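Notes to accompany the following structure.
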Amino acid sequence: MTTSDPEPVQIREVLSVRRAVCPGSFDPVTNGHIDIVQRAASLFDEVVVAVGINKSKNRLFTAEERMEMLSQAVAHLPNVKVDGFSGLLTAFCQEHDIHAIVKGLRAVTDFDYELQMAQMNSSLADVETVFVPTSPEYSFLASSLVKEVAAFGGDVSSLVPPFVHQRLTARLKEKAAE
Ligand code: ADP
(Lines give C-alpha, C1' and ligand atoms only; values in the text may rest on other atoms or scores of the structure.)
Protein backbone atom coordinates (compact mmCIF):
# COMPACT_ATOMS: atom_id res chain seq x y z
CA MET A 1 0.00 0.00 0.00
CA THR A 2 1.42 3.40 -0.95
CA THR A 3 0.82 6.62 0.95
CA SER A 4 -1.61 7.75 -1.78
CA ASP A 5 -3.94 4.71 -1.26
CA PRO A 6 -7.19 5.44 0.57
CA GLU A 7 -7.57 4.32 4.18
CA PRO A 8 -9.13 0.80 4.58
CA VAL A 9 -12.06 2.29 6.48
CA GLN A 10 -12.94 4.45 3.46
CA ILE A 11 -12.81 1.39 1.21
CA ARG A 12 -15.28 -0.36 3.53
CA GLU A 13 -17.66 2.58 3.37
CA VAL A 14 -17.56 2.63 -0.43
CA LEU A 15 -18.22 -1.11 -0.66
CA SER A 16 -21.00 -1.29 1.93
CA VAL A 17 -24.47 -1.98 0.61
CA ARG A 18 -26.98 0.79 1.19
CA ARG A 19 -30.19 -0.87 2.29
CA ALA A 20 -33.57 0.69 2.99
CA VAL A 21 -36.89 -0.55 4.26
CA CYS A 22 -40.36 0.54 3.07
CA PRO A 23 -42.69 -0.48 5.90
CA GLY A 24 -46.48 -0.62 5.87
CA SER A 25 -49.55 -2.77 6.11
CA PHE A 26 -50.20 -2.92 2.35
CA ASP A 27 -53.79 -4.11 2.78
CA PRO A 28 -53.70 -4.27 -0.24
CA VAL A 29 -50.77 -2.79 -2.16
CA THR A 30 -51.78 0.27 -4.25
CA ASN A 31 -50.16 2.10 -7.15
CA GLY A 32 -49.11 4.76 -4.60
CA HIS A 33 -47.08 2.17 -2.66
CA ILE A 34 -45.49 0.84 -5.86
CA ASP A 35 -44.48 4.37 -6.87
CA ILE A 36 -42.68 4.91 -3.53
CA VAL A 37 -40.97 1.49 -3.63
CA GLN A 38 -39.80 2.09 -7.20
CA ARG A 39 -38.33 5.43 -6.26
CA ALA A 40 -36.66 3.94 -3.16
CA ALA A 41 -35.18 1.24 -5.40
CA SER A 42 -33.53 3.91 -7.54
CA LEU A 43 -32.01 5.59 -4.47
CA PHE A 44 -30.72 2.52 -2.58
CA ASP A 45 -28.79 -0.63 -3.49
CA GLU A 46 -31.33 -2.91 -1.82
CA VAL A 47 -34.88 -2.28 -0.64
CA VAL A 48 -36.90 -4.50 1.67
CA VAL A 49 -40.64 -3.94 1.62
CA ALA A 50 -41.64 -4.94 5.14
CA VAL A 51 -45.22 -5.95 5.74
CA GLY A 52 -46.52 -5.45 9.27
CA ILE A 53 -47.93 -8.80 10.40
CA ASN A 54 -49.36 -7.63 13.69
CA LYS A 55 -52.25 -10.07 14.34
CA SER A 56 -54.30 -7.67 16.47
CA LYS A 57 -55.13 -5.43 13.50
CA ASN A 58 -58.29 -5.93 11.52
CA ARG A 59 -57.19 -6.60 7.93
CA LEU A 60 -59.02 -7.54 4.73
CA PHE A 61 -56.11 -9.74 3.58
CA THR A 62 -53.88 -12.05 5.63
CA ALA A 63 -50.18 -11.27 5.96
CA GLU A 64 -49.39 -14.08 3.50
CA GLU A 65 -51.84 -12.68 0.93
CA ARG A 66 -50.50 -9.13 1.33
CA MET A 67 -46.92 -10.35 0.89
CA GLU A 68 -47.87 -12.46 -2.12
CA MET A 69 -49.55 -9.49 -3.86
CA LEU A 70 -46.60 -7.24 -3.04
CA SER A 71 -44.08 -9.77 -4.39
CA GLN A 72 -46.00 -9.83 -7.68
CA ALA A 73 -46.25 -6.02 -7.74
CA VAL A 74 -42.48 -5.50 -7.32
CA ALA A 75 -41.31 -8.50 -9.37
CA HIS A 76 -39.94 -6.11 -12.04
CA LEU A 77 -37.55 -4.52 -9.50
CA PRO A 78 -34.48 -6.77 -9.09
CA ASN A 79 -33.13 -5.01 -5.98
CA VAL A 80 -36.41 -5.21 -4.04
CA LYS A 81 -37.57 -8.06 -1.82
CA VAL A 82 -40.60 -8.53 0.39
CA ASP A 83 -40.50 -9.64 4.01
CA GLY A 84 -42.77 -9.56 7.04
CA PHE A 85 -42.14 -8.00 10.43
CA SER A 86 -43.83 -7.92 13.80
CA GLY A 87 -42.89 -5.82 16.78
CA LEU A 88 -40.59 -2.85 16.47
CA LEU A 89 -39.51 -1.74 13.00
CA THR A 90 -36.18 -0.62 14.47
CA ALA A 91 -35.53 -4.20 15.68
CA PHE A 92 -36.17 -5.43 12.13
CA CYS A 93 -33.73 -2.78 10.83
CA GLN A 94 -31.04 -3.88 13.29
CA GLU A 95 -31.51 -7.56 12.41
CA HIS A 96 -31.17 -6.83 8.69
CA ASP A 97 -28.42 -4.21 8.84
CA ILE A 98 -30.76 -1.51 7.51
CA HIS A 99 -30.10 2.15 8.32
CA ALA A 100 -32.79 3.91 6.29
CA ILE A 101 -36.58 3.88 6.45
CA VAL A 102 -38.33 5.26 3.38
CA LYS A 103 -41.79 6.73 3.89
CA GLY A 104 -44.05 8.40 1.37
CA LEU A 105 -45.60 11.70 2.41
CA ARG A 106 -49.03 12.42 0.97
CA ALA A 107 -50.17 15.52 2.77
CA VAL A 108 -49.47 17.70 5.79
CA THR A 109 -51.67 15.34 7.79
CA ASP A 110 -49.11 12.52 7.22
CA PHE A 111 -46.27 14.80 8.30
CA ASP A 112 -47.05 15.28 12.02
CA TYR A 113 -47.26 11.57 12.74
CA GLU A 114 -44.36 10.62 10.45
CA LEU A 115 -42.05 13.23 11.96
CA GLN A 116 -42.79 11.99 15.47
CA MET A 117 -42.28 8.37 14.35
CA ALA A 118 -39.00 9.24 12.57
CA GLN A 119 -37.65 10.96 15.66
CA MET A 120 -38.69 8.07 17.89
CA ASN A 121 -37.10 5.51 15.55
CA SER A 122 -33.81 7.39 15.35
CA SER A 123 -33.75 7.55 19.15
CA LEU A 124 -34.17 3.75 19.29
CA ALA A 125 -31.62 2.72 16.66
CA ASP A 126 -29.04 3.95 14.20
CA VAL A 127 -31.62 4.60 11.51
CA GLU A 128 -32.60 7.62 9.41
CA THR A 129 -36.02 8.21 7.89
CA VAL A 130 -36.10 9.44 4.29
CA PHE A 131 -39.33 11.11 3.18
CA VAL A 132 -40.32 10.82 -0.45
CA PRO A 133 -43.09 13.18 -1.60
CA THR A 134 -46.03 11.41 -3.19
CA SER A 135 -46.46 11.73 -6.94
CA PRO A 136 -49.39 14.15 -7.41
CA GLU A 137 -51.56 11.50 -9.11
CA TYR A 138 -51.41 9.35 -5.97
CA SER A 139 -51.66 12.02 -3.28
CA PHE A 140 -55.21 11.00 -2.29
CA LEU A 141 -54.50 7.29 -2.41
CA ALA A 142 -54.62 5.09 0.70
CA SER A 143 -55.43 1.37 1.03
CA SER A 144 -58.22 2.15 3.52
CA LEU A 145 -59.93 4.49 1.05
CA VAL A 146 -59.54 2.04 -1.83
CA LYS A 147 -61.26 -0.66 0.26
CA GLU A 148 -64.04 1.68 1.34
CA VAL A 149 -64.77 2.92 -2.18
CA ALA A 150 -64.58 -0.61 -3.65
CA ALA A 151 -66.94 -1.93 -0.95
CA PHE A 152 -69.56 0.60 -2.11
CA GLY A 153 -69.09 -0.43 -5.74
CA GLY A 154 -66.78 2.43 -6.80
CA ASP A 155 -64.31 1.83 -9.62
CA VAL A 156 -60.80 1.56 -8.16
CA SER A 157 -59.28 -0.27 -11.13
CA SER A 158 -56.91 2.59 -11.94
CA LEU A 159 -55.58 2.76 -8.36
CA VAL A 160 -54.26 -0.78 -7.87
CA PRO A 161 -52.59 -3.35 -10.19
CA PRO A 162 -55.13 -5.45 -12.17
CA PHE A 163 -54.41 -8.67 -10.22
CA VAL A 164 -54.95 -6.80 -6.93
CA HIS A 165 -58.21 -5.40 -8.26
CA GLN A 166 -59.41 -8.94 -9.03
CA ARG A 167 -58.52 -10.24 -5.58
CA LEU A 168 -60.04 -7.20 -3.89
CA THR A 169 -63.32 -7.59 -5.76
CA ALA A 170 -63.42 -11.31 -4.94
CA ARG A 171 -62.65 -10.76 -1.24
CA LEU A 172 -65.26 -8.03 -0.88
CA LYS A 173 -67.85 -10.33 -2.50
CA GLU A 174 -66.97 -13.09 -0.02
CA LYS A 175 -67.28 -10.63 2.87
CA ALA A 176 -70.63 -9.34 1.65
CA ALA A 177 -71.93 -12.91 1.47
CA GLU A 178 -70.89 -13.73 5.07
P1 ADP B 1 -52.14 3.13 3.76
O2 ADP B 1 -53.14 2.20 4.36
O3 ADP B 1 -52.33 4.56 4.17
O4 ADP B 1 -51.95 2.98 2.29
P5 ADP B 1 -49.75 1.66 4.57
O6 ADP B 1 -49.40 1.45 5.99
O7 ADP B 1 -50.09 0.45 3.80
O8 ADP B 1 -50.82 2.78 4.54
O9 ADP B 1 -48.62 2.45 3.78
C10 ADP B 1 -47.30 2.31 4.04
C11 ADP B 1 -46.59 3.57 3.65
O12 ADP B 1 -46.72 3.75 2.25
C13 ADP B 1 -47.18 4.82 4.26
O14 ADP B 1 -46.61 5.10 5.49
C15 ADP B 1 -46.77 5.85 3.26
O16 ADP B 1 -45.42 6.20 3.57
C17 ADP B 1 -46.71 5.12 1.95
N18 ADP B 1 -47.84 5.42 1.09
C19 ADP B 1 -49.05 4.82 1.04
N20 ADP B 1 -49.80 5.35 0.07
C21 ADP B 1 -49.06 6.32 -0.52
C22 ADP B 1 -49.28 7.25 -1.57
N23 ADP B 1 -50.43 7.30 -2.22
N24 ADP B 1 -48.28 8.11 -1.89
C25 ADP B 1 -47.12 8.07 -1.20
N26 ADP B 1 -46.85 7.24 -0.20
C27 ADP B 1 -47.81 6.36 0.15
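The values are calculated or read from the model by the stated rules, or taken from the named source; none is laboratory data. A quick note: this is a predicted structure, and the numbers were derived from the prediction, not measured. Note that each Cβ is placed from the backbone with ideal geometry, even for glycine, and that neighbours are counted across all protein chains shown.
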- Task: Could you tell me which numbered condition residue 80 fails, if it satisfies all but one of (1) closer than 22 Å to residue 68 by Cβ; (2) surrounded by fewer than 16 Cβ atoms within 10 Å (Cβ to Cβ)?
- Result: (2)
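Restricting to the range 159-171, what's the tally of residues that are touching a helix residue (DSSP H, G or I) at 6+ places or on another chain (Cβ under 8 Å) and either of a type in the set (Asp, Glu) or touching a residue at least 24 places away in the same chain (Cβ under 8 Å) (or both)? Walk me through how you get there before you give the answer.
Filtering the range 159-171 down to residues touching a helix residue (DSSP H, G or I) at 6+ places or on another chain (Cβ under 8 Å) leaves 159-161, 163-164, 167-169.
Filter once more, so that each one left must be either of a type in the set (Asp, Glu) or touching a residue at least 24 places away in the same chain (Cβ under 8 Å) (or both): 159-161, 163-164, 167-168.
The number of residues fulfilling the criteria is 7.
Return yes when residue 36 is out of contact with any Phe, Trp or Tyr (no Cβ under 8 Å at 6 or more places or on another chain) and either closer than 25 Å to residue 139 by Cα or within 13 Å of the ligand (Cβ to nearest atom) (or both) and no when it is not. Steps first, answer last, please.
On the way: out of contact with any Phe, Trp or Tyr (no Cβ under 8 Å at 6 or more places or on another chain): yes; either closer than 25 Å to residue 139 by Cα or within 13 Å of the ligand (Cβ to nearest atom) (or both): yes.
Considered against the rule, which asks whether it is out of contact with any Phe, Trp or Tyr (no Cβ under 8 Å at 6 or more places or on another chain) and either closer than 25 Å to residue 139 by Cα or within 13 Å of the ligand (Cβ to nearest atom) (or both), residue 36 comes out as yes.
Taking the conditions exactly as written (of a type in the set (D, E, K, R) and either modelled with pLDDT of 95 or more or surrounded by 16 or more Cβ atoms within 10 Å (Cβ to Cβ) (or both)), does residue 175 satisfy them or not? If you could, list the steps in order and put the result at the bottom.
Working: of a type in the set (D, E, K, R): yes; either modelled with pLDDT of 95 or more or surrounded by 16 or more Cβ atoms within 10 Å (Cβ to Cβ) (or both): no.
The answer is no for residue 175.
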- Identify all residues within the range 62-78 that are among the aliphatic types (A, V, I, L, M), under 13 Å from the mean Cα position of the chain (by Cα) and not in a loop (DSSP other than H, G, I, E, B); write none if there are none. 67, 69, 70, 73
- Being of a type in the set (Gly, Ala, Ser), within 15 Å of the ligand (Cβ to nearest atom) and more than 18 Å from residue 35 (Cβ to Cβ) is the filter here, so list the residues in the range 101-136 that pass it. 118
